[in-house]
Amino acid sequence: GQSLEQPSEVTAVEGAIVQINCTYQTSGFYGLSWYQQHDGGAPTFLSYNALDGLEETGRFSSFLSRSDSYGYLLLQELQMKDSASYFCAVRAGGYQKVTFGIGTKLQVIP
Amino acid sequence: NAGVTQTPKFRILKIGQSMTLQCTQDMNHNYMYWYRQDPGMGLKLIYYSVGAGITDKGEVPNGYNVSRSTTEDFPLRLELAAPSQTSVYFCASSPPSGYSNQPQHFGDGTRLSIL
């Protein structure tokens, strides 16, 4: 099976940078995804890393190290609207089965 | 494009009742999924489908059934509702394998309470 670990809560100041880590244990690893979910809303896709390295999309970046079974999501120039839960998800096995972590609740404070 | 549409948005059931949660997508995605999310938790995969006529169990399939007669629709059936099935249910779809960023597109969810 697959398992993922990420911090349950993180607090950061508006305008700052925050990093949310994710470690995983899985077989047949294909890639690591990140999703954002605001309270009461649906998850929305942020990024996907299949290869080692950093992927940048605007203020958000995601990093993967396959050898360390580790990844992180980096949020820069934090805004109040970034307050949400962030889930890492592992794509492993066939048929695009994806296993989600329990999520990290990010609170951005003024 | 409407994306992934789920109905109903809210429902209260009595123990032992049955119901079908509807999910339809208009993106011509082959892959579709049903997840449940309990408060403060991540998403757990109930069932998934790789195309019309093909379904398979996820992590937590007990108490649920699915069917996939068309590419667009992937209904989830609860036969005998139990309090443990109180949750938020999300349907999602994704394009076929081969894309480098295979995002799952989620519906807005169905909030189900079993009393």
Gain in length, B:ALA52 to B:ASN28, computed as 0.36 nm per residue apart minus the alpha-carbon separation, to one decimal in nm?
7.5 nm
Given the C-alpha centroids of segment B:47-115 and segment A:29-101, what is the distance between them in whole angstrom?
21 Å
Relative frequency of Cα-Cα separations exceeding 23 Å in segment B:1-113, percent:
22 percent
Convex hull volume of the Cα atoms in the protein assembly as shown, per residue, in Å³?
119 Å³
Report the net charge of residues surrounding B:SER49, where surrounding means a beta-carbon distance below 15 angstrom and charges are Lys +1, Arg +1, Asp -1, Glu -1.
+1
B:SER18 neighbourhood, Cβ < 12 Å, K/R = +1, D/E = -1, net charge +2
Residues of A:40-49, mean number of Cβ from any other protein chain within 10 Å of their own Cβ, rounded to a whole number?
5
Given B:LEU76, B:TRP34, A:CYS22, which one lies farthest toward the positive end of the charge dipole of the protein assembly as shown, if we put +1 on the Cβ of every Lys and Arg and -1 on the Cβ of every Asp and Glu?
B:LEU76
Globularity index of chain A, i.e. its alpha-carbon radius of gyration over 2.2 N^0.38 Å:
1.02
Tell me the label-point distance for the pair B:SER69, A:ILE17, using the 7 Å Cα-to-Cβ offset, in nm and rounded to one decimal.
5.5 nm
Based on the Cβ-Cβ distance of A:SER27 and B:PHE10, what FRET efficiency does E = 1/(1 + (r/R0)^6) give at R0 = 30 Å, to the nearest 0.05?
0.20
Using r as the Cβ-Cβ distance of B:SER18 and A:GLU56, and R0 as 41 Å, what FRET efficiency do you calculate, to the nearest 0.05?
0.30
For the pair A:TYR70 and B:LYS44, the simple spin-label estimate (label points 7 Å beyond Cα toward Cβ) gives in nm 3.0 nm
Over chain A, what relative contact order in percent results from Cα pairs under 8 Å that are six or more residues apart?
37 percent
Where both partners of a DSSP beta bridge lie in chain A, what percent of those bridges are antiparallel, to the nearest 5?
90 percent
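Quick note: the coordinates plus some simple rules give every number you see, no bench work behind them. The shown structure was predicted, so the numbers you read here are calculated from the model rather than taken from an experiment. So basically every Cβ, Gly included, is an ideal-geometry build from the backbone, and we count neighbours across all protein chains shown.
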